[in-house]
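Asker: Sharing a structure here in structure tokens format.
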Amino acid sequence: MLTIKVLGSGCANCKKVEAIVHQVVDKMSLEAEVIKVAEYADMMQYNIMSTPGLVINEKLVSAGKIPSEAQVTSWLAEALETA
């Protein structure tokens, strides 16, 4: 099972990233836990300077932008290969 974390305070962009992640997980029929990380101290463990951030299996894959569905799909497929 994949662990996916969306890092952000709950702004519109953070919510959009979370929605994209849920769409891709559903499309790929993945078994994944999607966790919303809103606490600043918890986000800083990943050394991000701007939100939203996206972490897949404890690897930071995106920060400060909204990734496309295609990008998220690629990152999740890669994570499945290395899991």
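The values are calculated or read from the model by the stated rules, or taken from the named source; none is laboratory data. Since we're looking at a predicted model, the values are computed, not measured. Glycine gets a Cβ as well: all are built from the backbone with ideal geometry, and neighbour counts include every protein chain shown. Just the protein is used for accessible areas: all its heavy atoms, side chains included, with ligands, DNA and RNA removed. Shrake-Rupley method; radii C 1.70, N 1.55, O 1.52, S 1.80 Å.
Asker: If a residue must be touching a Leu at 6+ places or on another chain (Cβ under 9 Å), open to solvent by 50 Å² or more (accessible area, probe 1.4 Å) and not β-branched (Val, Ile, Thr), how many such residues does the stretch 34-61 contain?
Answerer: Qualifying residue count, the stretch 34-61: 6.
Asker: Return only the number of the condition from (1) outside any helix (DSSP H, G or I); (2) at pLDDT 95 or above; (3) not β-branched (Val, Ile, Thr) that Met49 does not satisfy.
Answerer: (2) is the only condition that Met49 fails.
Asker: How many residues does the stretch 62-83 hold that are open to solvent by 60 Å² or more (accessible area, probe 1.4 Å) and among the small types (Gly, Ala, Ser)?
Answerer: Matching residues across the stretch 62-83 total 3.
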